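Here the structure is laid out as structure tokens; the discussion comes afterwards.
Each reported figure results from applying straightforward, stated rules to the coordinates on display, with no laboratory input. Everything numeric in this text was worked out from a predicted model, so none of it was measured. Using ideal geometry, Cβ is built from the backbone for each residue, glycine included, and neighbour counts are taken over all protein chains shown.
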Amino acid sequence: MEEESKRKIWLSSPHMGGQEIEFVMEAFETNWIAPIGPHIQDLESSIEEFLQSGYAAAVSSGTAALHLALILAGVKPGDEVICQSFTFVATANPITYLGAIPVFVDSERDTGNMDPALLQTAILDRVKAGKKPKAIIPVHLYGMPAQMDEIIRIADQYEIPVIEDAAESLGSSIHGRQTGTFGLMSALSFNGNKIITTSGGGAFLSQREDLVEKARFLATQARDSAPHYQHSETGYNYRMSNVSAGIGKGQMRVLPQRIKQRRKNFEFYLDALSSLPGISFMKEPRGYYSNRWLSVILVDPLLSGGIDREKIRLALLEDNIESRPLWKPMHLQPLFQHCRSYTSGVSENLFEMGLCLPSGSNLEVSDLDRVVGKLSALFGIVTV
């Protein structure tokens, strides 16, 4: 039997609530084993009810939702799309699916997300060059909302649609308004490591019902209304299955508890690690509420006696504890080295200093104690 001290502690593993298996079995018993069925509609309705604004279409992934949003924004080959640089590659890849060109914008320090000042600089520069961007994609990184009020104000000034990448932020809000409801269109992810999961999957969101209906149409191979299979435009196999939606339906019922536990994990780390030299945390700006999908620490080796985030990561790994550096900015990725970027050094600094600690809602207190104990020991502090 594996020793308790060496039991794997995952960064963010799935956490079932109990009813998921009931809904999955119901799908089998009623033979709704297809990308159509009652669980899909129920999941979409529960997302809409939770967000208290707009409409939802369940799709196969958050990436699919972003791809559909870009199509509906009218993005064509050769167009430019402004994208947050500090993000996972899935935010930027759908731009290239369409033959369009990402233009990357760096982060501001308060939230780690798209810098509105740099956004305006980028827009003015691209307009001057005769390449007005077709869309703007901000991201709510690790559950922390971006400065959406300012981003939307700038986007509206230049009449550019905003596509919100809310893949990591279901349950986060700004002054009570849920992320995923600010942009013309938005994307959620229900990947296995997210705050809730459908195994794989996501959702396309919009305040406009017609855009959601069009996304559903495109996601089901764009089949025209006819007794035979007729197609007038290119479609995609992007609809979520009824089985996966059954998992999501059960997960939505425990979402508030999952948010509460993730935030509790963050507070645990904040209380236990803030006193360590060189360790800091990104706090919520006034009026902001993060689901704390992942708990992030920043490690300054100039203040920590030379301990950096990689030394911490390796020390945790030695004890079978998974942690992960923050996303490497897109403007530093070989894939996008040819793309234009507007940078300030903020995301590069966060990448060098940042580490995601185990954050799952199914972590035990003993797991959190073990993470803190291992990290504290690296600083020469013995915890009881």
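What longest region of the chain stays clear of GluC sites (Glu not before Pro) that DSSP places outside H, G, I, E and B and that have at most 13 other Cβ atoms within 10 Å?
No qualifying site falls inside 4-158, the longest such stretch.
Quick one: which residues, 5+ away or cross-chain, put their amide H under 5 Å from the amide H of Ile101? H built at 1.01 Å from N.
Gly78, Asp79, Glu80, Val81
Is the shape of segment 1-53 best called rounded, prolate or oblate, per the rule: a/c under 1.5 gives rounded, else a/b larger than b/c gives prolate, else oblate, with a ≥ b ≥ c the square roots of the Cα gyration tensor eigenvalues?
It comes out oblate by the Cα gyration axes.
Can you sort Phe268, Phe190, Phe281, Phe182 so the residue with the fewest Cβ neighbours within 10 Å comes first? Before the final figure, lay out the partial values.
On the way: Phe268 18, Phe190 30, Phe281 13, Phe182 23.
Ranking Phe268, Phe190, Phe281, Phe182 by Cβ neighbours within 10 Å, fewest first, gives Phe281, Phe268, Phe182, Phe190.
What's the local net charge at Arg262, with K and R +1, D and E -1, over the other residues with C-beta under 12 Å away? Write down the numbers at each step before the final one.
Working: positive: Lys194, Arg258, Lys260, Arg263, Lys264, Arg292; negative: Glu168, Glu267.
Overall, the nearby charge balance is +4.
Would you mind checking Lys260/Lys311; Lys194/Lys264; Lys76/Lys131; Lys6/Lys194; Lys131/Lys214; Lys132/Lys328 for any pair whose Cα atoms are more than 19 angstrom apart?
Values: Lys260/Lys311 30 Å; Lys194/Lys264 16 Å; Lys76/Lys131 13 Å; Lys6/Lys194 24 Å; Lys131/Lys214 27 Å; Lys132/Lys328 27 Å.
Distance filter (> 19 Å) returns Lys260/Lys311; Lys6/Lys194; Lys131/Lys214; Lys132/Lys328.
How much of the DSSP beta bridge set in the chain is antiparallel, as a percent to the nearest 5?
60 percent
Just how large is the dipole of the chain about the Cα centre, in debye to the nearest 20, putting +1 at every Lys and Arg Cβ and -1 at every Asp and Glu Cβ?
420 debye
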